[in-house]
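What follows is a single structure, written as structure tokens, with notes after it.
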Amino acid sequence: MRFLLSLVFSSCSLFLFANNLSVTNASIEDKMVRFDISWENSWNLTDQGGNKDAVWVFLKGRTSSGIWEHINLATETAVHFAGEGLSVESVSDGMGVFVAIEAGRYGNVKPTQVSLFAIPDLAGYNQIKIFAIEMVYIPEGPFYLGDGVSVSSLVNKGKKPVLISSESALSPLDIFIHNPNQEFKPTELATTLPREFPKGYASFYVMKYEISQLQYADFLNTLTYKQQKNRTASLPSVPRGTFAMVNPYAPDSLYRNGIAIAESGKENSYPAVYGVNFNANSTFNDELDGGHRAANFLSWGDLSAYLDWAALRPITEMEYEKVCRGASTLPVEGEFAWGTSFAVNANSVENDGADFETVTEKATQNSGLANYGTVIAIDGWGLRGVLRTGFAAFENSSRIDAGAAYYGVMEMSGNVWEQTIMIGGGGELFTGLLGDGSIDENGNANQHSWCNPNTALGVITKGGAWGSAIFDVGSFRDLAVSDRFYSHFKPSSRRNTLGGRGGR
């Protein structure tokens, strides 16, 4: 059997540190897939009332017809194995597994063998790909929704932050819109928020980073020509080197997106092959191509398709605030993801395009570092594009230094907008249904309770992006955790500031 190893990974992660994820030495024996996995600065403090990071691992197999299929894994944890210091957590739908260090440990994970038991006969596939995505576990617990001042933020009847203390249904008497957007009428809240809607109280996993450009390219490389056509801006048949997500005839419109055609496809015959080639040289995915930058130009249709394919799900706006703010932490008025209302604009790139791309600016005592723009020239005009995911995290960096959310999730304020499910406009029908590892023939997510991939009704963007502005607390302030200025806006089309992440 021919075996192809392909990685979907983020180059840097954190429990307020930077790290590398690597999957190597893959092999197949009968129904068992073996590989070595390593990453740096992992943590598992669940035995101390804290949280943990983990790696979501899933497999895809290419059939003799050329179609890539999701490979189910056994749901019994006991049939999977990991070397010393690691554990494997199976999931009830068999879509993949979580690999984490054992409770009470933290630090670097050296290359350690993991063995996963697959359900189908692996000999039936011509190729196998292993995908690994870094995640963060968000524990069960109460939290406050809204900060009481942000535009169109959510409050209780006393105009104070709402304490979410269970996953029970919520009525119109529980949550209200405060300080409504005067320029654009905010989308009305649902009359009832059903119990099934994920409210953030229950535990869940969330991606540690926004989807990277390499991750999105790897996704595209498992699709048919027809599916690729709907998940990119350029036809899969365009010449090698054509940028795929943006107008190929306007290079200054890239906004630091380098996803491009590595091999042209042919309609009704074979799909294209994609890679990242921001420096437009002859080599794709080289060390200066910016592959670990956040993927911008992702519409809701693009993001939801990726999440369905990866057997993840969208997160809700309530979960977004829980991830940023933490359990039972009283909100700071106008706060950003790192817990203060002040920010430093990450605007001057070092190691541009490299795996460890960063900036020269540093956080201050109360001001977290974020990639955002401004309309005030004296503050600089911003970078005009995306940065590497986790760009501000280094060994021993604090939450403010790294611009990190409460649980160690990166770039929840800035870089690209997070696309989440809102508690109105049809989003209340979302039940938390997980992706099934496949998308429809047109390249769209096929989960019935997810918001429509074409209209994006029920979706709300949160957290701001590289082009966002920050004004006084209580006014236009995109990066603020509770700001809902754009509740009326639906991300149905690709924009240079749109990206996102998912959960499980």
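Fully extended, how many nm does the chain gain between His488 and Ser398 (0.36 nm per residue separation, minus their Cα-Cα distance)?
So the chain would gain 28.9 nm between His488 and Ser398.
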Tell me, what HN-Hα J-couplings in whole Hz come from the Karplus equation 6.51 cos²θ - 1.76 cosθ + 1.60 at θ = phi - 60° for each residue of segment 134-148, using x for Gly and Pro?
-> 6, 10, 10, 8, 9, x, 4, x, x, 7, 9, 9, x, 10, x
When we measure straight from the Cα of Lys185, which lysines land under 30 angstrom away, once same-chain ones fewer than 8 places off are left out?
-> Lys157, Lys159, Lys160, Lys199, Lys322, Lys462, Lys490
Taking H placed 1.01 Å from N in the peptide plane, check which residues at least 5 places from Val109 or on another chain put their amide H under 5 Å from its amide H.
-> Trp39, Glu40, Asn41, Ser42
At 222 nm, what helix-only mean residue ellipticity would the chain give, in deg cm²/dmol to the nearest 500, using -39500 (n - 2.57) for each DSSP H run of four or more?
-> -2000 deg cm²/dmol
For the chain, percent of DSSP beta bridges that are antiparallel (nearest 5) comes out at 90 percent
Just the projected area, averaged over all directions, of the convex hull on the alpha carbon atoms of segment 213-291: how many nm²?
-> 4.5 nm²
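In Å, the Kirkwood hydrodynamic radius of segment 21-138 over pairs of distinct alpha carbons?
About 14.6 Å for segment 21-138.
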Read phi for every residue in segment 286-303 and hand back ³J(HN,Hα) as whole Hz from Karplus 6.51 cos²θ - 1.76 cosθ + 1.60, θ = phi - 60°, with x for Gly and Pro.
-> 7, 5, 10, 8, x, x, 9, 5, 4, 7, 9, 6, 9, 6, 4, x, 5, 4
Please state the charge dipole magnitude for the chain, taken about the Cα centre, from unit charges on C-beta atoms (+1 on K and R, -1 on D and E), reported in debye and rounded to the nearest 20.
-> 720 debye
Could you list, bin by bin from short to long, the percent of Cα-Cα pairs of the chain in 10 Å steps?
-> 4, 21, 32, 28, 13, 2, 0
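Read the figures in this text as sums done on the coordinates, not as results from a lab. Keep in mind it's a predicted model, so treat the numbers as computed, not measured. As a convention, Cβ positions derive from the backbone with ideal geometry for all residues, glycine included, and neighbour counts pool all protein chains shown.
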